[in-house]
Amino acid sequence: MHKRCPAYGTKFYMSGEAFTEEVELQACGLIYWNQQSMEVNANYIYDFTINTRNKTMKTYEGQITELPENGVFVYGANTEGRHGAGAAKVAKEKFGAVYGISGFRGKSYGIITKDLTAHFHPSISKRQIIQQIGDMYKLAVARPDLEFWVAYSGTGKNLNAYTPQEMADMFSSHEIPANIVFEKSFYELMGK
């Protein structure tokens, strides 16, 4: 399978994965991508594979009840910082989340995914959530000594009204740092 790069006219080849606009942009060098599997010959890229899923990514099963010493609990928060249900409640009770505040606190990192004042859900746009995930990934890159354990599952319902697949798509919309840890069934959704 091959495709021509629209910006540069460069042809690239992929094996085993479907083309998407993001893959196209990555292959054309317009956004960050992993150069490890690339061989360049003149203006062509041969046997190029973009792996949106880090094959050495750590995963866990079940719910997070404790963390390693360097672990950070990543959860969905609301605009009010009420941490009263779901993973947000666990973050407050066990991992140092502070009532009224989201972001990086204690051993927790809250990503705002729900507006409690809204009368419909989902109430926070995918774009806003993706931006916050990107900010968390930047922190993960800056702090390779920490592991960020994402408390989303690949099954069930989310309090923010997004499906597990929608959340997985948002978490996979950026290059994923190696120190992010996903629940196994959630991680399996990320390549779909």
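Quick note: the coordinates plus some simple rules give every number you see, no bench work behind them. The structure presented is a predicted model; accordingly, all values stated were derived computationally and were not measured. Heads up, the Cβs are rebuilt from the backbone with ideal geometry, glycines too, and the neighbour counts pull from every protein chain shown.
Annotation: amide H-H contacts under 5 Å for Y60 (H modelled 1.01 Å from N, sequence separation of 5 or more, or interchain): F182, E183, K184.
Roughly how compact is region 98-192, stated as its Cα Rg over 2.2 N^0.38 Å to two decimals? Numbers along the way, then the final one.
Numbers: Rg = 13.2 Å, N = 95, 2.2 N^0.38 = 12.4 Å.
With N residues counted in region 98-192, Rg over 2.2 N^0.38 Å equals 1.06.
Beyond 19 Å between alpha-carbons counts as too far, so tell me which of K94/K114; K89/K126; K58/K184; K92/K126 fall in that bin. All intermediate terms of the calculation are to be shown ahead of the outcome.
Values: K94/K114 21 Å; K89/K126 23 Å; K58/K184 9 Å; K92/K126 24 Å.
K94/K114; K89/K126; K92/K126, as the Cα separations exceed 19 Å there.
Phi-derived couplings, Karplus 6.51 cos²θ - 1.76 cosθ + 1.60 at θ = phi - 60°, listed residue by residue for region 127-141: 4, 5, 5, 4, 4, 5, 4, x, 5, 5, 5, 4, 4, 4, 5 Hz, with x used for Gly and Pro.
Scanning residues 5 or more positions from F104 or on other chains, those with amide H under 5 Å from its amide H are G110, with H placed 1.01 Å from N in the peptide plane.
Sequentially through region 92-106, phi angles give Karplus couplings (6.51, -1.76, 1.60; θ = phi - 60°) of 6, 6, 10, 10, x, 4, 9, 4, x, 10, 10, x, 8, 9, x Hz, Gly and Pro residues having no value and appearing as x.
The distance between label points at L159 and T65 comes to 2.0 nm (points 7 Å beyond Cα on the Cα→Cβ vector).
Rounded to the nearest Hz, the phi-derived 3J(HN,Hα) couplings of region 116-125 under the Karplus curve 6.51 cos²θ - 1.76 cosθ + 1.60 (θ = phi - 60°) are 5, 7, 7, 9, 9, 9, x, 10, 10, 5, where x marks glycine and proline.
Ranked from highest to lowest mean number of other Cβ atoms within 10 Å per residue, what is the order of the peptides 119-126, 76-83, 174-181?
Values: 119-126: 13.5, 76-83: 20.6, 174-181: 18.2.
Result, highest mean first: 76-83, 174-181, 119-126.
Residues whose amide H falls under 5 Å from that of V74, counting only those 5 or more places apart or on a different chain, are Y109, W149, V150, A151, with hydrogens built in the peptide plane.
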